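J.: Would you mind keeping the following structure in view while I ask a few things?
Nothing in this text is a laboratory measurement; each read-out follows from the coordinates by a stated rule. It should be emphasised that the depicted structure is a prediction, and the values quoted were computed from it without experimental measurement. Cβ sites come from the backbone with ideal geometry, for glycine too, and all protein chains shown count toward neighbours.
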Amino acid sequence: MAGNKDYYEVMGVPKNATDAEIKKAYRKLAKQYHPDLHPGDKEAEQKFKEVNEAYEVLSDKDKRARYDQFGQAGVDAGFGGGGGSPFTGNINIDDIFNSVFDGFDGFGGFGGKRAHRQTSNMPRRGQNCDASVYVSFEEAAKGCKKTVSYEHTEVCGSCGGSGAKNGTAAKTCPQCGGSGQVRVSQRTPFGLIQTTRTCDRCGGSGKVIDSPCPLCGGTGRTRENKTIEVNIPAGIDNGQILNVSGKGSAGENGGPSGDLHIYVNVRPHPIFERRENDIWCEMPITFTQAALGAEVVVPTIDGKVSYEVRPGTQPGDVFKFKGKGIQKLGGRGRGDQYVRIAIEIPRNLSQKQKKLLEEFDSESEDKNYQKRKSFFDKIKDMFGE
């Protein structure tokens with residue numbers, strides 16, 4: 001390492017960091033700056049070298065102790081009569097990553113210690129696709145069928161996915177021999193570093209196409225609009241996602257298709273409000289209906305239902321219709337419907353109406369207004385009246 005950079009600063013850890021903290025920091029930085037993830041990026045390559053040099057020292061108890069005591073000089077070649085650089089020899093980055101990451105595949109994945117590196121010509125699952133659907137409150141409650149349109153990738157109908165023009169065929173890449181990858185050896189201050197990179201000639205496919213298909217341009221795939229009919233299950237809620245298996249983009253090299261994710265949007269209802277599997281609504285009635293009682297018609301998602309309002313019903317009273325709520329998604333039974341009473345006070349009364357109400361009020365006894373009587377009794381107690 002040129003100069004006297006602080007190894008702890010390079011690793012982003014304090015000087016009293018534990019071995020586990022140093023190893024964790026190394027995993028993160030080595031993956032972040034690995035050359036396979038940044039082909040041609042000299043800055044990332046330099047960062048990667050610095051991280052490896054710092055880890056080489058800080059992960060070794062003896063070297064770390066010398067570094068803590070003597071600084072850079074403690075780990076330079078020749079310290080204490082020893083010869084040679086601590087970073088000489090052939091270093092295989094894959095071996096380092098296998099020991100540190102338990103099988104890091106060099107391309108952002110983890111395949112296990114014995115896993116083979118995934119190449120571009122192996123079967124790969126197609127990408128998932130997204131679509132949206134809008135349903136009414138009632139449709140979400142009871143379920144329905146909807147037509148959904150979306151864009152996805154299909155195997156080219158002209159070349160059958162080969163990417164080659166009809167009458168021709170793709171050839172094995174002469175540079176990588178069909179593997180899609182090439183090994184690159186690079187001599188560095190640390191020794192000979194070997195890395196595996198995507199083949200520049202074939203782009204990792206392992207094949208080259210001299211005469212590409214005019215329809216797909218040699219990709220073997222085309223973007224198409226697709227329309228399907230889907231079942232919206234009863235009880236679906238706003239914002240939930242339906243997964244339709246195998247209806248996404250086609251896979252590559254014989255891999256399976258991805259899935260279709262359908263985002264469900266439930267339009268708000270002018271009367272009903274959903275609370276989990278229950279339905280709530282507010283029912284306005286007149287002062288007379290509340291006082292004397294009355295038969296009212298209540299709307300539900302199944303139609304109109306008659307209900308007998310009890311005499312003396314108060315504002316905010318709630319009554320329930322059992323089983324008139326939302327179907328339980330994926331299960332049996334339904335929630336309930338709750339109706340909250342709202343007593344509407346009349347406006348713009350005529351003189352005759354005002355007179356009748358005044359007569360009614362003057363003849364009313366305290367027993368008809370228990371809350372009012374209790375309130376004023378408490379006021380008297382507060383002020384000692």
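J.: Which three extents, in whole angstrom, do the alpha-carbon atoms of the range 273-383 cover along their principal axes, largest first?
T.: Principal axes ranked by extent give 59, 39, 21 Å for the Cα atoms.
J.: Can you tell me the length gained on complete extension of the stretch Asn225 to Asp317, counting 0.36 nm per residue apart and subtracting the Cα distance?
T.: Fully extending the segment from Asn225 to Asp317 adds 27.8 nm.
J.: Bin by bin, in steps of 10 Å, what percent of the Cα pairs in the range 216-355 do you find, going until the bin that has the longest distance?
T.: P(r) for the range 216-355, in whole percents per bin: 9, 26, 21, 16, 11, 8, 5, 3, 1.
J.: What aspartates and glutamates could a cross-link reach from Lys207, if we take a straight Cα to Cα line under 18 Å and drop same-chain neighbours fewer than 8 places away?
T.: Output for Lys207: Glu252.
J.: Please go through the residue pairs Lys15/Lys63; Lys320/Lys373; Lys142/Lys322 and name each one whose alpha carbons sit more than 22 Å apart in this structure. Intermediate results must be reported in sequence, preceding the final value.
T.: Details: Lys15/Lys63 14 Å; Lys320/Lys373 30 Å; Lys142/Lys322 16 Å.
Distance filter (> 22 Å) returns Lys320/Lys373.
J.: Taking square-rooted eigenvalues a ≥ b ≥ c of the alpha carbon gyration tensor, is the range 1-64 rounded, prolate or oblate, where a/c under 1.5 means rounded and, failing that, a/b exceeding b/c means prolate? Working shown, then result.
T.: On the way: a/c = 2.35, a/b = 1.60, b/c = 1.46.
Prolate shape, in that a/c is at least 1.5 and a/b is the bigger ratio.
J.: For Ser149 and Met122, what does the FRET efficiency come to when R0 = 56 Å and r is the distance between their Cβ atoms, rounded to the nearest 0.05? Walk me through the numbers on the way to the answer.
T.: Working: r = 32 Å, r/R0 = 0.57.
About 0.95, to the nearest 0.05.
J.: Would you calculate the separation in nanometres between label points at Val305 and Asp200, each defined as 7 Å from the Cα along the Cα-to-beta-carbon direction?
T.: It works out to 7.5 nm between the two label points.
J.: Normalised by the number of residues in the range 310-385, what is the relative contact order in percent for Cα pairs under 8 Å and 6+ residues apart? Present the calculation step by step, with values, prior to reporting the outcome.
T.: Working: 50 pairs, mean separation 15.7, N = 76.
Reported as a whole number, the value is 21 percent.
J.: What is the distance, in nm, between label points placed 7 Å from the Cα along the Cα-to-Cβ direction at Leu192 and at Leu357?
T.: About 10.1 nm, to one decimal.
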